[in-house]
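A.B. asks: Below you'll find the structure I mean.
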Amino acid sequence: MKQVLRSLLLLAASALAAPALSQSQEDAMLLVAHPAFRDLEYRQTVLIAAPAPNGGHVGVILNRPTRRSLGSLFPEHEPSKKVVDPVYYGGPFSRGALVALVKADNTPGAGAVLLMKNVYLAFRANTIDHVIETTPNEARYFVGYVGWRPGELKSEIDRGLWSVLDADVEVVFRKDTDGMWEDLLQATRRIRASLSY
C-alpha cells in the first residue's frame with residue numbers, strides 16, 4: 001500500500017506542477033472530484049477523461065462498481081459469464097448502453113477512442129462483443145459514460161470542480177476501487193502543500 005501511495009504522490013506531483021489541461025492532447029487525465037462537488041452523479045468520483053474527436057472530452061467514472069456482473073446483464077451470451085469484475089457505472093450519458101475500457105496494443109475495433117497508450121474506450125456493440133469473446137478480462141465494462149462539449153471540461157477545472165492528475169494504467173484498472181477517491185484526493189493535497197513551500 002505504501003508503494004501505491006508513493007506512486008500516486010509522484011504522479012500527482014508531475015500533474016500538479018503543470019497548468020491544468022496542458023498535457024499533450026493525446027494523453028488521458030484522471031479527474032478527482034473536489035469535496036465540495038455535490039452533484040450526486042459526480043460526488044466523490046474519479047474519472048478518466050481524454051480528448052474526443054469532436055473537440056470535447058469523453059471518459060468514464062472509475063470508482064462506481066455496480067452489484068451486477070456482465071453475465072447477469074447478458075445471461076444468453078456465454079462469453080459474458082467469463083468476465084470476473086463487476087460492471088461499473090460510467091456516467092449519465094447513454095445509461096442503457098455498454099462501453100468498455102480496453103487494455104490492448106492495437107485498437108480493439110471500429111469506434112474505439114484512444115485514451116492513452118494501450119488503453120481504448122470502445123463504444124460500438126460489435127467491438128465490445130469482440131473484446132468479450134477474445135479477451136474478456138483485459139477490459140472493464142461500464143453502463144453509460146461522461147462527455148463534455150468543447151471547452152466545458154476546461155471550464156469545470158478552472159472553477160475548481162476537479163483536480164487533474166496524469167492517468168496511469170495501474171490506477172485506471174485498480175481492482176479495489178474502495179478508497180480510490182480518498183487516496184487520490186489526499187495525494188493531490190500533499191502535493192499542493194509541498195508545492196506551496
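Just so it is clear, none of the values below were taken in a lab; they were calculated from the coordinates. Source: prediction; values computed, not measured. Glycine gets a Cβ as well: all are built from the backbone with ideal geometry, and neighbour counts include every protein chain shown.
A.B. asks: If the cut-off is 18 Å between C-alpha atoms, which aspartates and glutamates fall inside it for K117, apart from same-chain ones fewer than 8 positions away?
C.D. replies: Those aspartates and glutamates meeting the cut-off are E26, D27, D105, E138, D166, D168, E170.
A.B. asks: Now a separate question. How high is the FRET efficiency from N137 to A36, r the C-beta distance, R0 30 Å, rounded to 0.05?
C.D. replies: The computed FRET efficiency comes out at 0.25.
A.B. asks: While we're on this one: So which trypsin sites (Lys or Arg not before Pro) in the stretch 114-174 are both in a DSSP loop and have at most 16 other Cβ atoms within 10 Å of their Cβ?
C.D. replies: Filter output for the stretch 114-174: K117, R124, R159.
A.B. asks: Could you tell me the calculated FRET efficiency between R95 and R67, based on Cβ-Cβ distance and R0 = 22 angstrom, to the nearest 0.05?
C.D. replies: For R0 = 22 Å, the calculated efficiency reads 0.85.
A.B. asks: Right, another one. Where Lys and Arg each count +1 and Asp and Glu each count -1, what net charge lies around V99 among other residues with Cβ under 11 Å from its Cβ?
C.D. replies: +3
A.B. asks: Still on this structure, please answer the following. Loop-only GluC sites (Glu not before Pro) in the stretch 115-168, please: DSSP not H, G, I, E or B, and at most 11 other Cβ atoms within 10 Å.
C.D. replies: Qualifying residues, ordered by number: none.
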